[in-house]
Amino acid sequence: MSESSIKIENVVASTKLAEEFDLTVIESQFEGAEYNKQKFPGLVYRVSDPKAAFLVFTSGKVVCTGAKNVADVHTVIGNMARKLNSIGIKTIENPQITVQNIVASADLHTILNLNAIAIGLGLENIEYEPEQFPGLVYRIDEPKVVVLIFSSGKLVVTGGKSPEDCERGVEVVRQQLDNMGLL
Amino acid sequence: RLRKWQRRIRVSNATERNLAFALSELDRMASALGLPRTVRETAAVVYRKAVDKNLIRGRSIEGVAAAALYAACRQCSVPRTLDEIEEVSRVSRKEIGRTYRFISRELALKLMPTSPIDYVPRFCSGLNLKGEVQSKSVEILRQASEKELTSGRGPTGVAAAAIYIASILCGERRTQREVADVAGVTEVTIRNRYKELAEELDIEIIL
DNA sequence: AGCTTACTTTGAAAAGC
DNA sequence: GCTTTAAAAAGTAAGCT
């Protein structure tokens, strides 16, 4: 049963660390922080222990992206809060962290015929334009995820809020392809 | 009352004026691409259906017209790439592609992805290659499809590679550069595709 | 002919144009 | 709709040696 493993590639989460932030102050105190209000309203800050990138807004809200798993999201946000405290900025104690999206990859270990899959899943349920992109786009309602299917058998699952959503998405695809005899 | 009638007339005028503009746009683009009358008519039908379903709301007439033409070319099996449509329209490729997806879904066009085979006649005539080479190209593409060498690859690139190989096998050799230019792909793409086709289909190319 | 860099697609949040 | 972030998939493209 180990072949059903998925690899989480990116986790996006949002939270609120304060009622408001003076991004100019943070930009001057945080090494490498980028802030161009006319370009984008958020301050960009990258960290490396667990690798991640932050988008910090004047409203006190924060977006964390690039983490490799959900636990890392909590770790880096906690580190971020301490970093803010260290330069004299107060932060909310137990911030509510919401995972907004998870990107994962998987492998069915079989060469796939995307034209056959397009017909099998129904042309009205998929998008496949090899002139534009090599992957077939399949949107699933339950779990609500989007799966990119490649001729190599590799998959990308995105849109899920939990690792389970991604795993179930892969299983739905595997089972539907298997039922159609396309595996 | 009278006012209501004036309003209807005004709306009617605007609607007719917009339709006339859209049809002239379709004609202009189709002419620039040298498309036959049947394709223009098909595009006009697609455009009218889009109007009847109010799909123009929030979209530009030019964008829907370009998307309708792109769809019509595919329905008629004489595909043009989004890049080719973009060249004769004044809308971006991104906008044309987005609008195409929208009307394709709303009008339930159910179009299969473009087949490399549909590009063969046009590319071959652009290279002055005869029917024999076209037949050979199609034969190669059928085998390629059976051996799963076309999934996920750009239809124009695969078609170009098949034509390149066929031209050599038929003693009417065209260079990678010549084929690349008519197909709108790079020589690198032709090289990658033809190496894969030659190897997997056991075709020996003597240069 | 390679190698490197980069763009295509998918998803979601943030604040503002 | 756009702007910005991150990351994977595979194909195609462009620049440089």
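Of the residues A:Gly60, A:Gly42, which is on the phi > 0 side of the Ramachandran plot and surrounded by 15 or more Cβ atoms within 10 Å (Cβ to Cβ)?
Checking each option against the conditions leaves just A:Gly60.
Return the residue satisfying two criteria in turn: it lies in the stretch A:19-42 and is under 21 Å from A:Val73 (Cα atoms) and more than 11 Å from DNA strand C (Cβ to nearest atom), and of such residues it is farthest from the other protein chains (Cβ to nearest Cβ).
A:Glu31
So if I check each of B:Ser60, B:Ser31, B:Ser92, B:Ser77, which one is within 14 Å of chain A (Cβ to nearest Cβ), surrounded by fewer than 18 Cβ atoms within 10 Å (Cβ to Cβ) and out of contact with any Lys or Arg (no Cβ under 7 Å at 6 or more places or on another chain)?
Working: B:Ser60 fails: within 14 Å of chain A (Cβ to nearest Cβ); B:Ser31 fails: within 14 Å of chain A (Cβ to nearest Cβ); B:Ser77 fails: within 14 Å of chain A (Cβ to nearest Cβ).
B:Ser92 is the lone residue from the list that is within 14 Å of chain A (Cβ to nearest Cβ), surrounded by fewer than 18 Cβ atoms within 10 Å (Cβ to Cβ) and out of contact with any Lys or Arg (no Cβ under 7 Å at 6 or more places or on another chain).
Does A:Gly181 count as within 13 Å of another protein chain (Cβ to nearest Cβ), more than 14 Å from DNA strand D (Cβ to nearest atom) and either modelled with pLDDT of 95 or more or not in a helix (DSSP H, G or I) (or both)?
no
Tell me, which strands (runs of 3 or more DSSP E) lie completely within the stretch A:87-162 with 1 or more residues that are more than 13 Å from DNA strand C (Cβ to nearest atom)?
Working: elements: A:98-107, A:136-140, A:145-149, A:154-160.
Fully inside the stretch A:87-162 and qualifying: A:98-107.
Which of the residues spanning the stretch A:116-158 are open to solvent by less than 40 Å² (accessible area, probe 1.4 Å), hydroxyl-bearing (Ser, Thr, Tyr) and within 11 Å of chain B (Cβ to nearest Cβ)?
Matches in the stretch A:116-158: A:Tyr128, A:Ser151.
Collect the residues in the stretch A:1-59 that are acidic (Asp, Glu) and either under 23 Å from A:Val99 (Cβ atoms) or in a loop (DSSP other than H, G, I, E, B) (or both), keeping them in residue-number order.
A:Glu9, A:Glu19, A:Glu20, A:Asp22, A:Glu31, A:Asp49, listed by residue number.
What's the number of the only condition in (1) open to solvent by 30 Å² or more (accessible area, probe 1.4 Å); (2) more than 16 Å from the chain's Cα centre (by Cα) that B:Ala22 fails to meet?
(1)
Quick one: what pairs do we get from the stretch B:24-41, first residue touching a residue at least 12 places away in the same chain (Cβ under 8 Å), second polar (S, T, N, Q) and open to solvent by 30 Å² or more (accessible area, probe 1.4 Å), C-beta under 9 Å, 6+ apart or different chains?
Correct list of pairs: B:Val39/B:Gln75; B:Arg40/B:Ser31.
So A:Thr110 fits all but one of (1) β-branched (Val, Ile, Thr); (2) in contact with a strand residue (DSSP E or B) (Cβ under 9 Å, 6 or more places away or on another chain); (3) within 14 Å of chain B (Cβ to nearest Cβ); what number is the exception?
Of the numbered conditions (1) β-branched (Val, Ile, Thr); (2) in contact with a strand residue (DSSP E or B) (Cβ under 9 Å, 6 or more places away or on another chain); (3) within 14 Å of chain B (Cβ to nearest Cβ), the odd one out for A:Thr110 is (2).
Restricting attention to the stretch B:127-184, and to residues there that are more than 22 Å from the chain's Cα centre (by Cα) and within 14 Å of chain A (Cβ to nearest Cβ), which single residue is farthest from DNA strand D (Cβ to nearest atom)?
B:Glu146
The values are calculated or read from the model by the stated rules, or taken from the named source; none is laboratory data. In this text, all values refer to a predicted model and were calculated from it rather than measured experimentally. Methodologically, a virtual Cβ is constructed for each residue, glycine included, from the backbone with ideal geometry; neighbour enumeration extends over all protein chains shown. Keep in mind that these areas ignore ligands, DNA and RNA; they rest on the heavy atoms of the full protein, side chains included. Shrake-Rupley method; radii C 1.70, N 1.55, O 1.52, S 1.80 Å.
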